[in-house]
Amino acid sequence: MAESNPAVAVKRSASAGLSAISAEAIEGLTELDELERVYQQLCDEEKQVESELEALISQQGNIETKMLALQRMGPNLQLIEGDATQLSGMITFTCSLAENVSSKVRQLDLAKNRLYQAIQRADDILDLKFCTDGVQTALRNEDYEQAAAHVHRYLSLDQSVIELSRQGGESSAVDASLALLQEAEQRLKALVKERLDQAIADGDLAQVERFFKIFPLLGLHDQGLARFAQYLCAQLAKKAEENLLLAVGGELGERRAALIFADTLTLLLEGIARIVETHQPIVETYYGPGRLYTLIKHLQVECDRQAEKVVDKFIQQRDYQNKFQIVQSSMMRSMSTEKIEPRELDPVLLEVTVMNSRAELYLRFLRRRITADFEVGDATAPKSTVQEHQQSLEKLLTHCLLSRNMQELIGYYIPMEEYYMRESVNKAVAMDTYEKGQLTSSMVDDCFYIVKKCISRALSSSSIDCLCAMINHATSVLESDFREVLYNKLRQGFPATTLQDIQRGVSSAVSLMQTSLQQGKFNTLGIESAEDAKASFLVTLNNVEVCSENIITLKKNLESDCSKLFSQGFGSGEQAQAKIDSCLSDLVSTSSKFKDLLQEGLTELNNTAIKPQVKPWISNFLSISHNIEEDEFNEYEANDPWVQQFIVNLEQLMAEFKAGLSPVIYDTLTSLMTSLISLEMEKTVLKCTFSRLGGLQFDKELRSLVTYLTTVTTWTIRDKFARLTQMATILNLERVTEILDYWGPNSGPLTWRLTPAEVRQVLALRIDFRSEDIKRLRL
Amino acid sequence: MSMEDYDHLFKIVLIGNAGVGKTCLVRRFTQGLFPPGQGATIGVDFMIKTVEINGEKVKLQIWDTAGQERFRSITQSYYRSANALILTYDITCEDSFRCLPEWLREIEQYANSKVVTVLVGNKIDLTEKREVLRERAEEFAEAQGMLYLETSAKESDNVEKLFLDLACRLICEAKQNSLVNNVTSPMPGEGKNISYLNCCS
Ligand SMILES: Nc1nc2c(ncn2[C@@H]2O[C@H](COP(=O)(O)OP(=O)(O)OP(=O)(O)O)[C@@H](O)[C@H]2O)c(=O)[nH]1
Ligand SMILES: [Mg+2]
């Protein structure tokens, strides 16, 4: 309702209590309907006004009650007004008061600050005085810690304040204090150095540590660390020399004696690691983080010196250099006067790898410790500083004399290990034996045992480059040397013995003459050695296959060994991994070269041992007429003329290979043989003529053959014999045109492997098919 | 191999005296930078860069060996499988040139007979310090049947050319080789000498 009021008001003001039609307008009206229209309009207006009036009247009560309420509120409003005025007055007052106070507070604040500064300065001056007095007293009492604390306090005073103080009224007093302090500082520094040197000379650890702790208070971090390191180095040197003396004296058990230099080096490195472990806390506490590098740099100098002594003695006592030279020259010229037994190198090779792995372990320990310490110290340092620190760490570790010495030892180790590997493999080849009933001969196992041993030894050195080099050499030995041995054995061929020649039923007189001539030359011994040669060939094929398998296994094992090494944190990341991966992939690619060799060998075997035998057996087919009638067909049924004997022959021929070859190789060989048979059969069949029953006979024969061959190999035979089977189908037709039931759109699931020309050719083999009919065929 | 995304894979091994700039050449080629304060290489470094030549992707495996004597035996184990060797010397260092015959003996002894060898004289930006005349080096290279190129790893002179020409040459030899191999299967360890072909001039 409250909302409807203004709307009414608007309307009212718009019409202003007047009708929309003026009185003059009414008077001017002359027409009746005009009058009526206006009258109607006025009536409407009247009705509307009336209703509005009613609405207004109905509101009257409401308005009256509201008025009443307002009248009652009157006195209250007067009270409120009074209060408001009073409040405003108070606020104004408070405001001016606050402004007044705050400016005073500001002044106070300033005063307070100045006061603090004054107090600080006074404190500093007092401290200065206190330090001056304190230092004197402490020095007198030989309480160096206290004296150093005073000097440290002095050194950490704000130098500009001291400067200011000197310009103040008390300049002379301050100057005097300063002079005294500076003098005390110098004296203290000299004293502490002297006492530390004395303590070091006496080897008095308690005193060394005591004065070592004082150095950083005097701002002499580097000097303190250097002197402390000097003490530690002296201790280290003493122990190391004792150990080396013991080692050279050699009163140890035989077993350890073989590794005595590696052990001595280990003692040295472990000793240093222990020193770092023991003294890191004191350095950290008194010198702060980031200082370990400096200490270790000093220690490393002694480590290098002592390690070199051990290495020198090792080289000297183990005749390392000399052994290397002999190895080197015997590798250059295979006919060397002096030669080392590979076995003799075993201990020294082992010792070198142990030495290197210990050095790697030690360097890894240093890297970890220094990196962690730098990380704490450089938490807020700029990037350039962090990088600089990393670089100096890298330089320390990779270019220290210890690293260089180890690199040198490994540099000699690699050719010696290579020699060891080559010589041992040569030996294994020379002493190759094979026992009847075994598929492979001893040299394969021996050779891989050696290769694995050499690579494992290289791996145990923890040097990635050393490992990679040996993998490379192993690849070379396997791919060139060892493969060549097998290749040469295969190249001697699989002998076709005279006996076989007779079995083969060579009919030509010429070849008979030749064979008997050969027989005369060979005699029994010839046959025997031919048997050996055959066995040797088959064993070599097995050897080749095992080699290609072994290489893959070797690579897999090496991969898992390497990942173990990496998981221990050796080898700096991706680079090392990539290098090893590359070298290993070269190694594994030799496997396929052995596979190729196997394939070549099998082809050779197929050509020399199988083909010459199988061919005549198949040509026997020619002498069996397939132009036959019922009688002959039945006769064949009772007395198989060809296929059974052929199968027996094949069985006999292959028995030797089945026994002598690994199943995989035998399978491949039978596959080659079946290809050969299907090819030769095809050629032979095309030379024959067939009657209807002859075709049926051939179909039977082919089925027997395929059934037999299916049992001897896991390969699918049917595909290889598809053409022959299709030829049999054609030879079996009733009429020429019957081919159309199988041809083109009627071929169904059958895929023809014969061309239309070949189909005609086969059809023509049937003597009862007329060539015009064949010609007329639309294929 | 066919699974991988390249048509050819070649191994290139850099050899030569310490400090002649092998690492700088490799870094210039693979990363396009001249490393300041390059420390001596320890052992061997290994890097891969794939380039495209006449539409064929060629993956180059680059082995950067250490020149220092004590790493020689590690280096030697990489010769055999290398397709190409980059024999580097420093034109401002007569000594590094004089050592070349020794390096050639190593190549003779350890490398594959089919290996392609390029002689590189590095640091030509140091003109005023040159100790080995270009003609002398060219003569030497020709007598030894090597290609010759002068480079500056620092100024990036001829560095791309060095590796790309080499890759080209290797592609040619590979194609020539597979042609030969198709005719007669070679005996193991028996190298074939193939005359150099100028395929990418
Ligand atoms: N002026 C100039 N200096 C170069 C060039 N190439 C390399 N250097 C410098 O020669 C020095 C040795 O370079 P490296 O690349 O480390 O030599 P390297 O042959 O790898 O040495 P090793 O790893 O020890 O065998 C570094 O100081 C380089 O800055 C060049 O083209 N010009
Ligand atoms: Mg380098």
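What follows draws every value from the coordinates through simple rules; no lab data is involved. Keep in mind the model is a prediction, meaning the values are calculated, not measured. Cβ atoms come from the backbone with ideal geometry, glycine included; neighbour counts cover every protein chain shown.
One table, with the values for the structure above:
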read-out: Pairwise centroid distance, computed over Cα atoms, of region B:3-49 with region A:59-102, Å; value: 92 Å
read-out: Prolate/oblate/rounded label for the protein assembly as shown (Cα gyration tensor, a/c 1.5); value: oblate
read-out: By average C-beta atoms within 10 angstrom, highest first, the peptides A:79-87, A:283-291, A:36-44; value: A:283-291, A:36-44, A:79-87
read-out: Antiparallel DSSP beta bridges within the protein assembly as shown, as percent of all bridges there, nearest 5; value: 30 percent
read-out: Per-residue mean of C-beta atoms belonging to partner chains within 10 Å, peptide B:66-73; value: 5
read-out: Along each principal axis, Cα extent of region A:24-152, largest first, Å; value: 140, 40, 26
read-out: Radius of gyration, Dmax [region B:23-107; alpha carbons; angstrom]; value: 14.2, 42
read-out: Note, ³J(HN,Hα) from phi for region B:159-175, Karplus 6.51, -1.76, 1.60, rounded to Hz, x at Gly and Pro; value: 6, 4, 4, 3, 6, 5, 4, 5, 4, 4, 4, 5, 4, 4, 4, 5, 5
read-out: Signed unit charges on C-beta, dipole axis of region A:570-706, positive-most listed residue A:VAL643, A:LEU679, A:THR689; value: A:LEU679
read-out: Per-residue [θ]222 nm for the protein assembly as shown (sum of -39500 (n - 2.57) over DSSP H runs n ≥ 4, rounded to 500); value: -24000 deg cm²/dmol
read-out: Principal-axis tilt of helix A:722-731 within chain A, Cα atoms, nearest 10 degrees; value: 50 degrees
read-out: Amide H contacts of A:PHE690 (H built 1.01 Å from N, under 5 Å, at least 5 apart or other chain); value: A:ARG766, A:ILE767
read-out: Unsatisfied cross-links (Cα-Cα over 23 Å) in the set A:LYS323/A:LYS556; A:LYS579/B:LYS11; A:LYS452/A:LYS564; A:LYS395/B:LYS59; A:LYS238/A:LYS309; value: A:LYS323/A:LYS556; A:LYS395/B:LYS59
read-out: 5 angstrom amide H check on B:GLU150, placed H, neighbours 5+ away; value: B:GLY121
read-out: Which of A:ILE21, A:GLY748, A:VAL762, positive extreme of dipole for the protein assembly as shown (C-beta unit charges); value: A:VAL762
read-out: Chain A: angle of helix A:171-202 to the longest principal axis, Cα-based, in degrees nearest 10; value: 30 degrees
read-out: Evaluated at q = 0.18, 0.19, 0.25, 0.27 Å⁻¹: base-10 log I(q)/I(0), Debye formula over Cα of region A:655-717; value: -0.72, -0.78, -1.06, -1.15
read-out: Alpha-carbon Rg with Dmax, taken over region A:597-662, Å; value: 16.1, 53
read-out: Stretchable slack from A:GLN136 to A:ASN634, in nm (0.36 nm times residue separation minus alpha-carbon distance); value: 165.6 nm
read-out: Peptide A:465-471 - average C-beta neighbours from other chains (10 Å radius); value: 5
read-out: Eligible aspartates and glutamates near A:LYS658 by straight Cα distance, threshold 12 Å, same-chain separation 8 or greater; value: A:ASP667
read-out: Relative frequency of Cα-Cα separations exceeding 14 Å in region A:306-346, percent; value: 54 percent
read-out: Rounded FRET efficiency, nearest 0.05, which uses the C-beta distance separating A:SER392 from A:THR707 and R0 of 56 Å; value: 0.10
read-out: Choice from B:GLU52, B:GLU128, B:GLU139 with maximal GNM fluctuation in chain B (Cα, 10 Å cutoff); value: B:GLU128
read-out: Directionally averaged projected area (convex hull, Cα atoms, chain B), nm²; value: 11.8 nm²
read-out: Protection proxy ranking, peptides B:92-103, A:740-751, average beta carbon neighbours within 10 Å, highest first; value: B:92-103, A:740-751
read-out: For region A:191-281, Kirkwood radius (reciprocal of mean inverse C-alpha pair distance, Å); value: 14.7 Å
read-out: Net dipole in debye of the protein assembly as shown [+1 Lys, Arg Cβ; -1 Asp, Glu Cβ; about Cα centre; nearest 20]; value: 3360 debye
read-out: Ranking of A:VAL248, B:VAL116, A:VAL151 by count of other Cβ atoms within 10 Å, fewest first; value: A:VAL248, B:VAL116, A:VAL151
read-out: Long-range amide H partners of B:THR50 with built H, under 5 Å; value: B:LEU60
read-out: Relative contact order of chain A, pairs being alpha-carbon contacts under 8 Å that are 6 or more residues apart, as %; value: 7 percent
read-out: Shielding of B:39-47 by partner chains, average beta-carbon count, 10 Å; value: 5
read-out: Beta bridges by DSSP in chain B, antiparallel share as percent, to the nearest 5; value: 35 percent
read-out: Using alpha-carbon coordinates, inclination of helix A:260-287 to the longest axis of chain A, degrees; value: 10 degrees
